[in-house]
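*Asks:* Please find one structure pasted underneath; my questions will follow.
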Protein chains: 2
Amino acid sequence: MTTPMLTKNQSLVFDVLTKAEGPLSAYTILDKLRDHGFRAPLQVYRALDKLLEYGVVHRLESINSFVVCAHPNEDCHSHGLVAFAICESCGQVIEFHDHEVDHRLMDWLKSQKFKAEKSTIEIRGHCAGCAA
Amino acid sequence: MTTPMLTKNQSLVFDVLTKAEGPLSAYTILDKLRDHGFRAPLQVYRALDKLLEYGVVHRLESINSFVVCAHPNEDCHSHGLVAFAICESCGQVIEFHDHEVDHRLMDWLKSQKFKAEKSTIEIRGHCAGCAA
DNA sequence: ATCAATTGCGTTATGCTATAACGTGTGCGA
DNA sequence: TCGCACACGTTATAGCATAACGCAATTGAT
């Protein structure tokens, strides 16, 4: 999917996420955008839906938050499964991809005749800096 | 971890989940237990916390639901990462484990000096029966 | 040109998910 | 018997997400 021009709201949400150090919840984004006229959660969620669809933002299911894709120039929908390591101390997220894991999971799913559509791989723990 | 005797509430919640065809949300469990005296969400969540701790129940982050472990006689905490295939049509869940995926992810995390604590691997899509 | 369909937007209201904070009772070991 | 840990019950609240309405702008086919 090629990313179309972002609308005003989409840009605002995307900018907030880009400037953030780590993942943000929808309501945190909302608060950061009140000065720009945002009043309701739906304004955020609608923008996020599109950004997710375009593949420029990821949703972290285990912490109900959103983060910009770490591979700005590629299409995240194309490079298979995405995995995240989420630090529970500092909140930082490391995004990575592994074709082996990818294949292995896909093979298994195929053996079960399961048609995969969306995937979530999230590891929570402590990053190098925080584990000390 | 060996699973201690379950308390009354824990048993009730566990039974409901065991009899269910698929994953249930905490509030669905609550509704099913109103006849048994349950009145508040906390009664469910507290029981679930323990059942999760004992490893006899899994939490599905991507659908905010809970399901009994598919391997009643083993200790789910011991056989590494757990992955789930969740059918978005019928709601059924297939639980599986793969040491290769396991190792691969762990190696990567190790290379990043990331200390993993909890993991979530969930694939949503359509099962063999529903994909038709 | 016009009409219909689509898309984005704003607002209000609501529903679902999860936990905080308080108090009670019970069992058990020091 | 005192203190502690644990399960439990209740009320209240916090946090996450969407339904349903209406309006405006855009597009594109007739």
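The values are calculated or read from the model by the stated rules, or taken from the named source; none is laboratory data. None of the values given here were measured: they were computed from a predicted structure. Every residue, glycine among them, receives a Cβ derived from its backbone with ideal geometry; neighbour counts consider all protein chains shown. Please note that ligands, DNA and RNA were not included when accessible areas were found on the heavy atoms of the full protein model with its side chains. Shrake-Rupley method; radii C 1.70, N 1.55, O 1.52, S 1.80 Å.
*Asks:* Taking all protein chains as present, what is the carbon and sulfur share of the accessible area of the protein assembly as shown, in % to the nearest whole number, probe 1.4 Å?
*Replies:* Using a 1.4 Å probe with all protein chains present, the protein assembly as shown comes out at 51 percent carbon and sulfur.
*Asks:* Taking only the alpha-carbon atoms of chain B, what semi-axes of the equivalent ellipsoid follow from 5 times the gyration tensor eigenvalues under a square root, in whole Å, largest first?
*Replies:* The answer is 27, 20, 13 Å, longest axis first.
*Asks:* Which of the listed residues, A:Ile121, B:Trp108, A:Leu6, is farthest toward the dipole's positive end in the protein assembly as shown, when Lys, Arg count +1 and Asp, Glu count -1 at the beta-carbon?
*Replies:* After comparing all options, I get A:Leu6.
*Asks:* Taking every residue in A:54-61, how many Cβ atoms of other protein chains lie within 10 Å of its Cβ, on average?
*Replies:* 1
*Asks:* Once label points are set 7 Å from the Cα along Cα→Cβ at both A:His71 and B:Cys130, what is their separation, rounded to one decimal in nm?
*Replies:* 2.8
*Asks:* Something else now. Over 31 Å between C-alpha atoms is what I'm after, so list which of B:Lys50/B:Lys110; A:Lys113/B:Lys50; A:Lys50/A:Lys110; A:Lys110/B:Lys113; A:Lys50/A:Lys115 land there.
*Replies:* Result: A:Lys113/B:Lys50; A:Lys110/B:Lys113 exceed 31 Å.
*Asks:* Going 7 Å from Cα along the Cα-Cβ axis for the label, what nanometre distances separate A:Met5 from the same residue across the other copies?
*Replies:* Sorted ascending, the copy-to-copy spacings read 7.1 nm.
*Asks:* So what's the back-of-envelope 222 nm ellipticity for chain A, counting only DSSP H runs of four-plus at -39500 (n - 2.57) apiece and dividing by all residues, rounded to 500?
*Replies:* Using -39500 (n - 2.57) per qualifying helix, the result is -11000 deg cm²/dmol.
*Asks:* Using a 10 Å cut-off on Cβ to Cβ distances, tally the other chain neighbours for every residue of A:110-119 and report the average as a whole number.
*Replies:* Mean partner-chain Cβ count within 10 Å for A:110-119: 6.
*Asks:* Still on this structure: From the P(r) of segment B:8-68, could you give the percentage of C-alpha pairs in the tail past 14 Å?
*Replies:* 46
*Asks:* What does the copy distance list look like for A:Asn64, label position 7 Å along Cα→Cβ, in nm and ordered from shortest?
*Replies:* Output for A:Asn64: 0.6 nm, nearest copy listed first.
*Asks:* Moving to a separate point now. Leaving ligands and nucleic acids out of the surface, order B:Met106, A:Met5 by accessible area at 1.4 Å, largest first.
*Replies:* Of B:Met106, A:Met5, the descending order of accessible area is A:Met5, B:Met106.
*Asks:* So what is the accessible area of chain B per residue, in Å², with the probe set to 1.4 Å?
*Replies:* Accessible area per residue: 55 Å².
*Asks:* Considering only the other residues whose Cβ falls under 13 Å of the Cβ of B:Arg59, what net charge follows from Lys and Arg at +1 and Asp and Glu at -1?
*Replies:* Its environment carries a net charge of -4.
*Asks:* Same structure, new question: Taking the label point 7 Å from Cα in the Cβ direction, how far apart in nm is A:Lys110 from each other copy of itself, listed shortest first?
*Replies:* 2.8
*Asks:* Follow-up question, since we're still on this one. Tell me, what are the semi-axes, in whole angstrom and largest first, of the equivalent ellipsoid of segment A:83-127 as set by the roots of 5 times the Cα gyration tensor eigenvalues?
*Replies:* After diagonalising the Cα gyration tensor, the semi-axes are 27, 10, 7 Å.
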